[in-house]
Each structure stands twice: as C-alpha cells, then as structure tokens.
C-alpha cells in the first residue's frame, strides 16, 4: 500500500480499507508518514482525519498528529 493509497483508505475507505490501514500502521514509520499526510489533507475529511489521528495515538502513544481546526460552515 503506497502512502497515497493509505491516506485514501483512511479518509475515503470502507471498513475493510480501514482494517488494512490499521495493520499497516503497526509500523511506526508508516504511521508517522500517515500522520503528516493527515495534517496536510485534513480539509478533505476533517472528522475522519480527526478520528484517525486518535487511532494513531492509541497505536503509538508518543506520536502527535496536529490537525488544523475544521473550517467553519
């Protein structure tokens, strides 16, 4: 799974895609890359990006993903 595929799986994927992404994120380096991609792309799906940031923090507690605030409607 490429980094772009991983990002797409988290922001737009199905439950099966999320399960695969979760497995990939056991690897710390992949998790860090996904975290940076989520920071850059949160506007594509803020709620989902926020949820994944929380998942990543549970997998790797020392990892911090800082999302920009959600755009106001």
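Data table
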read-out: Helical contribution to [θ] at 222 nm, DSSP H n ≥ 4, -39,500 (n - 2.57), averaged over the chain, rounded to 500; value: -20500 deg cm²/dmol
read-out: Normalised contact order of the chain, rounded percent, pairs of Cα under 8 Å and 6 or more residues apart; value: 30
read-out: Distance between modelled label sites at residue 54 and residue 12, nm, 7 Å Cα→Cβ extension; value: 2.4
read-out: Likely footprinting exposure, 66, 33, fewest C-beta neighbours within 10 Å first; value: 66, 33
read-out: Simple label model, 7 Å out from Cα along Cβ direction - residue 64 to residue 32, nm; value: 1.5
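Throughout, read-outs are computed from the coordinates displayed, never taken from laboratory work. Everything numeric in this text was worked out from a predicted model, so none of it was measured. All Cβ positions, glycine included, derive from the backbone under ideal geometry; neighbour counts span all protein chains shown.
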